[in-house]
1. Would you grab the residues whose amide H sits under 5 Å from the one on V257? Only those 5+ places off in sequence or on another chain, please, with H modelled 1.01 Å from N.
2. Compute the signed sum of charges (Lys and Arg +1, Asp and Glu -1) over the other residues within less than 12 Å, Cβ to Cβ, of W283.
3. Computed over the Cα atoms, what is the radius of gyration of the chain divided by 2.2 N^0.38 Å, N being its residue count?
4. Residues of the chain: accessible area per residue at 1.4 Å, in Å²?
5. Within region 172-222, report the trypsin sites (Lys or Arg not before Pro) that DSSP leaves as loop and that have at most 12 other Cβ atoms within 10 Å.
6. Do the sum for the chain: with -39,500 (n - 2.57) for every DSSP H run of n ≥ 4, divided by all residues, what is the mean residue ellipticity at 222 nm, to the nearest 500 deg cm²/dmol?
7. Sorted by packing (mean other beta-carbon atoms within 10 Å per residue), highest first, where do 284-294, 16-26 land?
8. Taking N as the number of residues in region 31-76, what value does Rg over Cα atoms divided by 2.2 N^0.38 Å take?
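The values are calculated or read from the model by the stated rules, or taken from the named source; none is laboratory data. Given the structure is predicted, the values throughout are model-derived calculations rather than measurements. So basically every Cβ, Gly included, is an ideal-geometry build from the backbone, and we count neighbours across all protein chains shown. To get the accessible areas, we keep the full protein, side chains included, count just its heavy atoms, and leave off ligands, DNA and RNA. Shrake-Rupley method; radii C 1.70, N 1.55, O 1.52, S 1.80 Å.
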Amino acid sequence: MSSSFLGTMRGIVGITALITNILIWFIPLLPFAVIKLIIPIRQVRIIVDVILNFICTRWADCNRIFIQFLNDTKWDIQGDTNLSMKEWYLVLANHQSWADIVILQFVLNNRIPYFRFFLKQELVWLPIFNFVWAALDYPYMKRYSKAFLEKKPHLKGKDIETTKKSCQKFKDTPVAIMNFVEGTRLTPAKHEKQKSPYKYLLNPRAGGVAFVLTAMGRQLSSILDVTIHYYPKVVGLWGFLCGHVKEVKVRIDHIPVSDKIVGDYFDDPDFKSSFQQWINELWSKKDKTMETLIGKISSDN
């Protein structure tokens, strides 16, 4: 049989396994999610949160097993290993493929708390998904546009306040918040359109990161800067499951949360300027890391 056929079959089995895994773990998650939503008592929520996080972590463990069994990809994971399930993290990563989420789950699950994403307010109406997101306290990011605030100035700052209230739920249970800083997947066309000064990255969107830091502030224990590189090329989730990636290199850097990066990004021009400088310096460092990884893989092969 051809390698193409075997790859396709591997992808079909992989997708089937991932979907089946979701359905299997949704069954025990459902009753606890209902309990949490209908009994808004803090003590009950804390207990149920532990159970829900346990279920989600085991779900991710199963995904890891499937990936290891079906895929012969070589993994090179280096960096800060002083991680804890009892700490609060903001995870920043470059974004190249839908497989990035699977990679991050593979690398960080059971090393840090099960991670959440800030969701756009428009997603609140999605059925089923919205129920699960609500049960797991996925925070919604609501930003009012400048034009909107000009018409309704009394709402200035309300978006941040709303998000902060959403994040209050994380005080009792450690979480990791995931943020793809570029805001979109890297493609040559997007790189050219942005005229990005980075060789291997798109421009970072400082506002999104600042929003999370403003909303969560000192709740966060630290930041994890994660750099992902695929060899021989970036592929989508399907391509990854089909075995088209020979090697994945991941580098993890630990960054402390300091007063330098927590402030009023949207109303303090001086802080906004310094924060943008910080995120640009971080991205320049990540670009050099990517260059090193690409050069190292090329020399090894």
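1. I223
2. Working: positive: K199, R205, K285, K286, K288; negative: E182, D225, E281, D287.
Neighbour charge sum, excluding W283 itself: +1.
3. So the chain has a normalised radius of gyration of 1.05.
4. On the way: 15760 Å² over 301 residues.
Here the residues of the chain average 52 Å² of exposed surface.
5. On the way: sites: R185, K190, K193, K195, K199, R205, R218; in loops: R185, K195, K199, R205.
Filter output for region 172-222: K195, K199.
6. Details: 10 runs with 153 residues, N = 301.
Calculated at 222 nm, the ellipticity per residue is -16500 deg cm²/dmol.
7. Working: 284-294: 17.1, 16-26: 13.7.
The packing order, highest mean first, is 284-294, 16-26.
8. Working: Rg = 15.9 Å, N = 46, 2.2 N^0.38 = 9.4 Å.
Cα-based Rg divided by the globular estimate yields 1.69.
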